[in-house]
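The next block holds one structure in the form of structure tokens; read it before the comments.
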Amino acid sequence: MSMFNNVPNIAYEGKQSKNPYAFKHYNPKEIVFGKTMEEHLRFSIAYWHTFVGAGTDPFGAAVAIRSWDSLSPLDKAKARVEAIFEAMEKLNLQFYCFHDADIAPEGATLAETNKNLDVIVAMLKDYMKSSGKRLLWNTVNLFTNPRYVHGAGTTCNADVFAYSAATIKKGLEVGKELGADNYVFWGGREGYESLLNTDMGLELDNLARLLRMAVDYAKEIGFDAQFLIEPKPKEPMKQQYDFDSATTISFLQKYDLTQYFKLNIEANHATLAGHTFEHELRLARLNGMLGSIDANQGDLLLGWDTDEFPTDLYTTTLAMYEVLKNGGLGRGGINFDAKVRRSSFEDEDLFFAHIAGIDTYARGLKSAAKLIEDRILDDYVDNRYRSFREGVGAEIVLGKSTLKSLEAYALQNNPIKLESGRLEQIKARLNEAIFSV
Ligand code: XLS
Ligand code: NI
Ligand code: NI
């Protein structure tokens, strides 16, 4: 049975193609920078936005009505499995991602919820086996149900903490069962509304305790996925503890957890934190913690987590530049944590959106490769910092200088000669690199 009768298989047709159901830039087997595009990009479809979200917003009801929406909860869950595998096949995507709540309905008790999960996980396993598709990552939803009103790992209620721990335990078992490459922790409600009623010290310690329990249990059951934390500064909470890369890294350092985690960087979360996407990626990379990407883009005029499909070539170019400089994403990938606009409510839009996102990243990869191969940015940066490779600069870098030795140098070094940073020239060359591929 087909869920998307009107949608054909989508293949690479090249730049000249006018076929809306074709990739113009994503050619999976094409070699770019030493690897196939497919190996570099490891695209993933996100269960929640694509097969669960229906275009609701705080002012409006569901507009995207899918063929499975009239079914009973468990049948709906089964139909969604068929839908996602058909979509992965048609889009030629190898990976998918989900929260527990996306794939199976929550039961009246924890035991019932786990039973529902078992039914769907068994079905997913079969479909994965016959299609060869893989799970990039799974996670658990610790934010939608009312019990998480005060948080999950950072709740004031120990019973809710226990429930959250039990839910993560099951999530790890599900990840193991499906051979997930990664397991994600996004701190949906791990934050606070006001310090007036918050024990911040206890909340942070408890969050670390929960993560440590997860590390220990994964080891116990032999689940060897890469653990990822996904920073986000706000939404739903006013202040979230995993605010951005820097905050998350220092949290992991404080609790001696860095060796077990990498970061899953989301473009729209970066801008929500007042950073560029490439800033967040750079910081993660420099700390050896760049793990995976949630690909989307925000709208700076709106400011919130709009989760649009990525279509901005500058951003994907600079993002892929960080990925290439990182030597790739390893077991991570590029997950379209993105949703079609509310007005794009037809099934076909799900495919046009993915095609747009995939091609934008593919072009980003090609222009990033060009930037590196032609040493466009490297040459500027090398030249700009060359004073640290000789004379007094080399001594500073080697740790041979003291305030006294530098004072002696500064006293006789008069005047200091400065040079331009050439930013406009560099931006013009970045444009050329983007237009040339
Ligand atoms: C929400 C997050 C969420 C995570 C997974 O803003 O992006 O979708 O990726 O829990
Ligand atoms: Ni995300
Ligand atoms: Ni998000």
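Does ALA83 satisfy being touching a helix residue (DSSP H, G or I) at 6+ places or on another chain (Cβ under 6 Å), over 23 Å from LEU172 (Cβ atoms) and crowded, with 16+ Cβ neighbours inside 10 Å?
Here the answer is yes, as ALA83 does meet what is asked.
Within the stretch 277-295, does at least one residue satisfy the condition of being touching a residue at least 40 places away in the same chain (Cβ under 8 Å) and over 24 Å from PHE33 (Cα atoms)?
Looking through the stretch 277-295, none of the residues is touching a residue at least 40 places away in the same chain (Cβ under 8 Å) and over 24 Å from PHE33 (Cα atoms).
So that you can scan it fast, the table gives a plain yes or no per residue for (1) at positive phi; (2) more than 25 Å from the chain's Cα centre (by Cα); (3) at pLDDT 95 or above:
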site	(1), (2), (3)
ASN6	no, yes, no
GLN16	no, yes, yes
PHE23	no, no, yes
LEU41	no, no, yes
TRP48	no, no, yes
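Output the number of the condition that LEU329 fails; it satisfies all remaining conditions of (1) modelled with pLDDT of 95 or more; (2) more than 18 Å from MET37 (Cβ to Cβ).
(2)
Please specify each residue of the stretch 253-305 satisfying the condition of being among the acidic types (Asp, Glu) and away from ligand 1 (no atom under 12 Å from the Cβ).
Of everything in the stretch 253-305, those that are among the acidic types (Asp, Glu) and away from ligand 1 (no atom under 12 Å from the Cβ) turn out to be ASP256, GLU278, GLU280, ASP299.
Every residue, every condition in (1) aliphatic (A, V, I, L, M); (2) within 16 Å of ligand 2 (Cβ to nearest atom), yes or no:
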site: LEU93; (1), (2): yes, no
site: PHE98; (1), (2): no, yes
site: VAL119; (1), (2): yes, no
site: ASN145; (1), (2): no, no
site: GLY171; (1), (2): no, yes
site: LEU202; (1), (2): yes, no
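Can you pull out the residues in the stretch 50-76 that are crowded, with 16+ Cβ neighbours inside 10 Å and under 24 Å from the mean Cα position of the chain (by Cα)?
THR50, PHE51, VAL52, GLY53, GLY55
May I ask you to list the residues in the stretch 153-172 that are more than 16 Å from ligand 1 (Cβ to nearest atom) and not in a helix (DSSP H, G or I)?
THR155, CYS156, ASN157
Identify the single condition in (1) among the hydroxyl-bearing types (Ser, Thr, Tyr); (2) assigned to a helix (DSSP H, G or I); (3) within 23 Å of GLY332 (Cα to Cα) that THR113 does not satisfy, given that it satisfies every other one.
Against the list (1) among the hydroxyl-bearing types (Ser, Thr, Tyr); (2) assigned to a helix (DSSP H, G or I); (3) within 23 Å of GLY332 (Cα to Cα), THR113 comes up short only on (3).
Six or more apart or on different chains, Cβ under 8 Å: which pairs go from a residue in the stretch 173-199 that's more than 19 Å from PRO236 (Cα to Cα) and away from ligand 1 (no atom under 16 Å from the Cβ) to one that's aliphatic (A, V, I, L, M) and assigned to a loop (DSSP other than H, G, I, E, B)? Could you list them?
LYS176/ALA225
Report whether or not ALA122 is small (Gly, Ala, Ser) and touching a Phe, Trp or Tyr at 6+ places or on another chain (Cβ under 8 Å).
Judged against the criteria, ALA122 is not a match.
Tell me, which helices (runs of 4 or more DSSP H) wholly within the stretch 300-397 include 1 or more residues that are within 30 Å of GLU86 (Cα to Cα)?
Those helices (runs of 4 or more DSSP H) span 313-325, 347-373.
I'd like to check something: does the stretch 376-394 contain any residue that is surrounded by 14 or more Cβ atoms within 10 Å (Cβ to Cβ), touching a residue at least 12 places away in the same chain (Cβ under 8 Å) and under 30 Å from GLU38 (Cβ atoms)?
yes
From (1) free of Cβ contacts under 8 Å to residues at least 60 places away in the same chain; (2) within 16 Å of ligand 2 (Cβ to nearest atom); (3) more than 16 Å from the chain's Cα centre (by Cα), pick out the condition that doesn't hold for TRP304.
Going through (1) free of Cβ contacts under 8 Å to residues at least 60 places away in the same chain; (2) within 16 Å of ligand 2 (Cβ to nearest atom); (3) more than 16 Å from the chain's Cα centre (by Cα) one by one, TRP304 breaks only (1).
The values are calculated or read from the model by the stated rules, or taken from the named source; none is laboratory data. Treat the numbers as computed from the prediction; the structure is a model and nothing was measured. Cβ sites come from the backbone with ideal geometry, for glycine too, and all protein chains shown count toward neighbours.
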